[in-house]
1. Condition first: loosely packed, with under 15 Cβ neighbours inside 10 Å and either at pLDDT 95 or above or among the basic types (Lys, Arg) (or both). Now tell me which residues in the range 130-142 satisfy that.
2. Of the numbered conditions (1) under 20 Å from LEU146 (Cα atoms); (2) of a type outside the set (Asp, Glu); (3) loosely packed, with under 13 Cβ neighbours inside 10 Å, LYS76 fails exactly one; give the number of that condition.
3. So, in the range 1-16, how many residues would count as being in a strand (DSSP E or B) and of a type in the set (A, V, I, L, M, F, W, C)?
4. Just for the range 98-122: of the residues that are outside any helix (DSSP H, G or I) and modelled with pLDDT of 95 or more, which one is surrounded by the fewest Cβ atoms within 10 Å (Cβ to Cβ)?
5. What residue, of LEU43, LEU51, LEU61, is of a type in the set (A, V, I, L, M, F, W, C) and in a strand (DSSP E or B)?
6. Cβ-Cβ under 7 Å, sequence separation 6+ or interchain: first residue in the range 9-38 and closer than 24 Å to TRP131 by Cα and at pLDDT below 95, partner of a type in the set (Lys, Arg) and exposed (fewer than 12 other Cβ atoms within 10 Å of the Cβ). Which pairs?
7. Which of the following residues is among the hydroxyl-bearing types (Ser, Thr, Tyr) and in contact with a Phe, Trp or Tyr (Cβ under 7 Å, 6 or more places away or on another chain): THR29, THR57?
8. Just for the range 143-157: of the residues that are modelled with pLDDT under 95 and of a type in the set (Lys, Arg), which one is farthest from ASP34 (Cα to Cα)?
Amino acid sequence: MLTVHMREATKDDYDAVHRIQKQVHEMHTKERPDHYRMADTTLDREYFTSLIRGENTKVFLLEDEQLIAYTILTIKLTEERPILVPRKIVYMDDFGVDHRFRGKGMGKQFFGKIVEYAKSLEADSLELAVWEFNEDAIKFYESMKLKTKSRRMGIEL
């Protein structure tokens, strides 16, 4: 059994995060070539650094001696409008598990730690978007007790 821990990323983690992010991106490129195209750099270093330094963003890693998974989180407050209930939402912009560790419970363990982090912020919810083609991810998120809250639809013109 691996001894894993979660920590905040530093700018020195860029290469390891980029490696896993590229795995996820390749799947999206294959399934949605109308939205994504392959590139040598799929995670811009400056963007990554801005996330690390961001006031309302966090990049967390799950690791043992090597990186197992990463996530990018954004803390969002609903805009002040009389018709909206004020809410604090932790939005998961990205969640990637290295292909070598998929199906071994590492993602579930990491996701559980992320939920605990969101609770520690007194967030009202943890939310994310997932492509309809990604049935494995949908099953995973449903196993973590996420429910579909809305659906984004479109028509190609």
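The values are calculated or read from the model by the stated rules, or taken from the named source; none is laboratory data. Just so you know, these numbers come straight off a predicted model, no measurement behind them. Counting neighbours? That spans all protein chains shown, and the Cβs are built from the backbone with ideal geometry, glycine included.
1. Of everything in the range 130-142, those that are loosely packed, with under 15 Cβ neighbours inside 10 Å and either at pLDDT 95 or above or among the basic types (Lys, Arg) (or both) turn out to be LYS139, GLU142.
2. Failed condition: (3).
3. 1
4. Across the range 98-122, the extreme among qualifying residues is GLU122.
5. The conditions single out LEU61.
6. THR29/ARG37
7. Numbers: THR57 fails: in contact with a Phe, Trp or Tyr (Cβ under 7 Å, 6 or more places away or on another chain).
Sole residue among the options that is among the hydroxyl-bearing types (Ser, Thr, Tyr) and in contact with a Phe, Trp or Tyr (Cβ under 7 Å, 6 or more places away or on another chain): THR29.
8. Here the residue is LYS149.
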